[in-house]
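Some notes on the structure that comes next.
None of the figures in this text is laboratory data; all of them are computed from the coordinates on show. Given the structure is predicted, the values throughout are model-derived calculations rather than measurements. Neighbour counts are summed over all protein chains in view; Cβ atoms, including those assigned to glycine, are modelled from backbone coordinates with ideal geometry.
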Amino acid sequence: MAKEIHTIGVLTSGGDAPGMNAAIRAVVRQAIARGKQVKGIKRGYAGLLQEEIIDMDAHSVSEIIQRGGTILQTARCLEFVEAEYQQKGADICRKHGIDGLVVIGGDGSFKGAQKLAALGINTIGLPGTIDLDIACTEYTIGFDTAVNTAMEAIDKVRDTSTSHERCSIIEVMGRGAGYIALWCGIANGAEDVLLPERYNYDEQALVNHIIEGKKRGKKHHIIINAEGIGHSASMAKRIEAATGIETRATILGHMQRGGNPSCKDRVYASTMGALAVDLLCQGASNRVVGYKNGKFVDFDIDEALAMTKDVDEYQFEICNTLSAS
Ligand code: ADP
Ligand code: F6P
């Protein structure tokens, strides 16, 4: 028979994402509704190892559903990849009575959760990253807000770019994943989108495309460049020299990670937080919650981590086609 969980811990790990607070709130309140104790672990696995553990009640998550960031803070903790520190983490959980743990983060954070599960702490992962780069799910907490933030910023750059008849390179977040770039490429009608998954570093093709657009009377040329390709400032200089068209680079940076979560991020993060608690109450462990084919689902973490995904080829293709005029 599955062991009964008495105390649920919750932590956020890796890059923060808007909607993490909504998920924390849901974990705390659903756990209390199920008669469980709740402990918040600050600063991800780093805080776990430092025993930065606080008691949480329904009131401790008041006024946070609308706030970006994470009230528990987050961190990257390199030590936690080592078995010795994973054991220490599991021992600390036991010392504080934490027998169920909700880890909100990305694939790296899930690997930590997987290790703790193997050491006897029941764990559930929630996909929290603005990058949308978790293979088992079509939704990650924070992507919707971040991509809307980026889209609105790009609209603003486009206005001035058109007025001055310039080329604008706008760099969006995503070191290894081009989802924000691709979605903005479609939503902002960008003339070019450079994705880590697809870019072939053929800058001459880019230059030719800009010149052809200018000849057809285009008043701007928007290039959305993913962080993984980067070097937007030097690229702008080279493009200006090669085309004779004034070219500016704008790096949107961490503004994309902050701000009030969208309605979707609040609702999905709340649902996932509650579901994580219900899974723990049913005795589940080593699972990750996802959203697939219109449903909230859960997967074994080992299987989830072995899955792969890629940007949608059709969307990449139409992104280029639809901006042609
Ligand atoms: P994300 O969770 O967004 O993918 P990271 O890759 O930075 O972000 O991982 C967040 C944290 O998860 C790391 O700082 C580390 O503490 C933990 N982690 C990453 N990889 C492992 C691993 N192989 N084993 C245990 N813990 C890991
Ligand atoms: O959280 C994901 C992410 O924002 C990536 O898009 C980006 O590459 C990375 O984190 C940046 O991390 P840091 O906060 O360390 O600059």
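So between Glu212 and Arg175, what do we pick up on full extension, going 0.36 nm a residue minus the alpha carbon distance?
On the way: separation 37, 0.36 × 37 = 13.32 nm, distance 2.98 nm.
Extra length from Glu212 to Arg175 when fully extended: 10.3 nm.
What angle, in degrees between 0 and 90 and rounded to the nearest 10, separates the Cα long axis of helix 232-243 from the longest principal axis of the Cα atoms of the chain?
Between helix and principal axis, roughly 20 degrees.
Do the alpha carbons of any pairs in Lys36/Lys309; Lys36/Lys295; Lys111/Lys156 sit beyond 31 Å of each other, and which pairs? Spell out each step's value before the answer.
On the way: Lys36/Lys309 36 Å; Lys36/Lys295 26 Å; Lys111/Lys156 39 Å.
Check vs 31 Å cut-off fails for Lys36/Lys309; Lys111/Lys156.
Within a Cβ distance under 11 Å of Ala181, other residues only, what is the Lys/Arg minus Asp/Glu net charge? Each step should come with its number before you reach the end.
Numbers: positive: Arg198; negative: Asp131, Glu171, Asp192, Glu197, Glu227.
Cβ neighbours under 11 Å give a net charge of -4.
Hey, what does the equivalent ellipsoid look like for the chain, semi-axes from the Cα gyration tensor as sqrt of 5 times each eigenvalue, largest first, whole Å?
Numbers: eigenvalues 360, 63, 56 Å².
Whole-Å semi-axes of the equivalent ellipsoid: 42, 18, 17.
Tell me, what are the semi-axes, in whole angstrom and largest first, of the equivalent ellipsoid of the stretch 146-257 as set by the roots of 5 times the Cα gyration tensor eigenvalues? Walk me through the intermediate numbers first.
On the way: eigenvalues 84, 48, 28 Å².
For the stretch 146-257, the ellipsoid semi-axes come out as 21, 16, 12 Å.
Any idea what the relative contact order of the stretch 72-231 is, in percent, if you count C-alpha pairs under 8 Å spaced at least 6 apart? Before the final figure, lay out each step's value.
Working: 234 pairs, mean separation 29.8, N = 160.
This gives 19 percent for the stretch 72-231.
Would you mind checking which residues have amide H under 5 Å from Ala249's amide H? H placed 1.01 Å from N; only 5 or more apart, or other chain.
For Ala249, whose amide H was placed from the backbone, the distant partners under 5 Å are Ile169.
What share of Cα pairs, in percent, lie more than 23 angstrom apart in the stretch 62-185?
Numbers: 3635 of 7626 pairs.
Summing the P(r) of the stretch 62-185 above 23 Å gives 48 percent of all pairs.
Report the extension gain between Ala33 and Asp300 in nm, rounded to one decimal, defined as 0.36 nm multiplied by the number of residues separating them, less their alpha carbon distance. Walk me through the numbers before you get to the answer.
Numbers: separation 267, 0.36 × 267 = 96.12 nm, distance 2.56 nm.
Answer, rounded to one decimal: 93.6 nm.
Go ahead and collect, in residue order, the members of the stretch 56-99 whose backbone nitrogen is under 18 Å from a label point 7 Å along the Cα-Cβ direction of Cys263.
Counting backbone N atoms under 18 Å from the label point, the list is 65-67.
Can you give the net charge of the other residues whose Cβ lies under 11 Å from the Cβ of Thr74, counting K and R as +1 and D and E as -1? Spell out each step's value before the answer.
Values: positive: Lys42, Arg43, Arg76, Arg257; negative: Asp16.
That works out to +3.
Given 0.36 nm per residue, what is the gain on full extension from Arg94 to Ala118 after removing their alpha carbon distance, in nm? List each step's numbers first, then the result.
Values: separation 24, 0.36 × 24 = 8.64 nm, distance 1.37 nm.
Result: 7.3 nm gained on full extension.
Apply 1/(1 + (r/R0)^6) to the Cβ-Cβ distance of Tyr201 and Lys309, taking R0 = 25 Å, and write down the FRET efficiency to the nearest 0.05.
On the way: r = 23 Å, r/R0 = 0.93.
In this case the efficiency is close to 0.60.
Could you work out how far helix 263-281 tilts from the main Cα principal axis of the chain, as a 0 to 90 degree angle to the nearest 10?
30
Rank the residues Ser109, Ser285 as a footprinting-exposure proxy: fewest other Cβ atoms within 10 Å of their Cβ go first. Don't jump to the answer; show the numbers that get you there.
Values: Ser109 28, Ser285 24.
If I rank by nearby Cβ atoms, fewest first, I get Ser285, Ser109.
Using Cα pairs under 8 angstrom and six or more residues apart, how large is the relative contact order of the chain, in percent?
Values: 736 pairs, mean separation 78.9, N = 325.
After rounding, I find 24 percent.
Find the relative contact order for the stretch 177-227 and round it to a whole percent, using C-alpha pairs within less than 8 Å whose residues are 6+ positions apart. Write down the numbers at each step before the final one.
Details: 50 pairs, mean separation 25.9, N = 51.
Averaging sequence separation for qualifying contacts and normalising by length gives 51 percent for the stretch 177-227.
Note the angle between two axes, namely the Cα long axis of helix 83-95 and the longest principal axis of the Cα atoms of the chain, as a number of degrees from 0 to 90, rounded to the nearest 10.
50
As a footprinting exposure proxy, order Asp300, Asp155 by other Cβ within 10 Å, with the fewest listed first.
The order, fewest Cβ neighbours first, is Asp155, Asp300.
Extending each Cα 7 Å along its Cβ direction at Lys3 and Ala58, get the distance between those two points in nm, one decimal.
If labels sit at Lys3 and Ala58, their model points lie 2.9 nm apart.
If amide hydrogens are placed 1.01 Å from N in the peptide plane, which non-local residues have theirs closer than 5 Å to the one on Asn122?
Residues meeting the amide H criterion: Leu101.
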